[in-house]
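Down below is the structure, laid out as structure tokens.
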Amino acid sequence: MIGNSVKNIGYRAFYYCKALKSVNFPNSLESIGDWAFYGCYNLTAVNFPNGLESIGDWAFYDCQSLTSIDFPNSLKSIGDFAFANCSFTSITIPEGVESITTGTFSMCPYLTSVTIPSSLTNIGPSSFGNTVTSLFGGCIRLTSIEVANANPSYMSENGVLFNKEKTTLISFPAGKTGSYTIPDGVTIIGEDAFDFECGRYNYISNEWEDFFNDNFTAIVIPSSVETIEAWGIFGCNSLSHVVIKRDTPPTCASYVFDGDRVYITPFNTCILHVPLGSKSLYQEEKPWSYFENIVEDADNFSAIENVQVSSVSIFPNPVSENFRIGGIIKPTVVTVLDINGKVVLQQMVSPNENISAGHLPQGVYFVNVKEKTMKIIKK
């Protein structure tokens, strides 16, 4: 119990107090300083009094045992990385909070939903993306960001965060699955807007954890998009289709589609669909040039579900051990037949899933996917 007259918790006051499990704050408390409870990874409960106005940078970083929290209505600001690497499942930011900044709730891998009040009009730089430096970076189970209708700066649609004018896509929740068509009229895909990668050290289990979204498979980008900001589409390891309807490549900042090729966008299997006559433009400009499969059929797509059978492919071919099916966006039945028409393999295959062929004798086989039959050679 902290004394009843205390107004401020100072810088690093309880820094790395690993044995601390609960804190009762007095009603007199007005502010919690930077790094105040940093690294208290056994802390399970805190009670914020009504009267608390600010929570400092990194204040509860790495409090990995915190699974829920209630903010007081008196709260005005929450600092950088203040609750990063906690274990919340949902967050409701109270009416009255005006500002939250970089990485505030990043690396909370169990967070599924966030509610933003009308008062919150200042979301700091690199906010609401999904890398460690962004507000909800690494929140790999987040599926919904909801904004109060009266908010003058931001709005949400189907759980996706936009600016009020819906011209900038700020954050696509990293736990969403399937495909997504960006609305017409969006001109900017913001920094960290689509990002599906998270890693953190778990101090409770003493092991490193990696989190990925393996079920986001396709994105349609309208012709209105002019700019994709840094890390705008990043770490999307399960992408099988990117459809872009703009005749000329949008301006891209650093690391869009993992432009340095360090991370895991599957450039060798993901198909980039572009408008007729624009393939050479995309082949000449990074990061689009990293895609090994570029086809000129984006104008034929009214939705990503209209992926044509002609885009289905096999790789590698010939094969020695494993092969994959390119061009599928959801689990699909794959049938392998020998040269006599006998079924030697049949299974449900997800996008980017390896199919084992090591047990098959050398020879010619036929692979049937979505009414398309392709020849494959087993070495």
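The values are calculated or read from the model by the stated rules, or taken from the named source; none is laboratory data. Bear in mind that the values here come from a model prediction, so they are computed numbers and not experimental data. Cβ atoms come from the backbone with ideal geometry, glycine included; neighbour counts cover every protein chain shown.
Hey, any hits in the range 42-53 for a residue that's outside the structural domain of residue 157 (by TED's automatic domain parsing) and among the small types (Gly, Ala, Ser)?
There is at least one residue in the range 42-53 that is outside the structural domain of residue 157 (by TED's automatic domain parsing) and among the small types (Gly, Ala, Ser).
Could you tell me whether any residue of the range 210-229 is polar (S, T, N, Q), over 20 Å from residue 110 (Cβ atoms), in a loop (DSSP other than H, G, I, E, B) and not assigned by TED's automatic domain parsing to the domain that holds residue 353?
Checking the range 210-229: at least one residue is polar (S, T, N, Q), over 20 Å from residue 110 (Cβ atoms), in a loop (DSSP other than H, G, I, E, B) and not assigned by TED's automatic domain parsing to the domain that holds residue 353.
Does the range 200-210 include one or more residues that are among the acidic types (Asp, Glu) and either touching a Leu at 6+ places or on another chain (Cβ under 6 Å) or over 30 Å from residue 17 (Cβ atoms) (or both)?
no
When you scan the range 327-347, how many residues do you find that are at pLDDT 80 or above and within 33 Å of the chain's Cα centre (by Cα)?
So the count comes out to 4.
Among residues belonging to the range 161-177 that are touching a Phe, Trp or Tyr at 6+ places or on another chain (Cβ under 7 Å) and surrounded by fewer than 21 Cβ atoms within 10 Å (Cβ to Cβ), point out the one that is farthest from residue 327 (Cα to Cα).
164
Mind checking which residues of the range 157-181 are in a strand (DSSP E or B) and in contact (Cβ under 8 Å) with a residue 24 or more places away in the chain?
Residues satisfying the conditions are 157, 161, 162, 169, 170, 171, 178, 179, 180, 181.
Tell me yes or no: at least one residue of the range 255-274 is over 19 Å from the mean Cα position of the chain (by Cα), in a loop (DSSP other than H, G, I, E, B), modelled with pLDDT of 85 or more and surrounded by 15 or more Cβ atoms within 10 Å (Cβ to Cβ).
Scanning the range 255-274, I find at least one residue that is over 19 Å from the mean Cα position of the chain (by Cα), in a loop (DSSP other than H, G, I, E, B), modelled with pLDDT of 85 or more and surrounded by 15 or more Cβ atoms within 10 Å (Cβ to Cβ), so the answer is yes.
With the checklist (1) more than 27 Å from residue 251 (Cβ to Cβ); (2) modelled with pLDDT of 90 or more; (3) not in a loop (DSSP other than H, G, I, E, B) in hand, flag the one item residue 359 doesn't pass.
(3)
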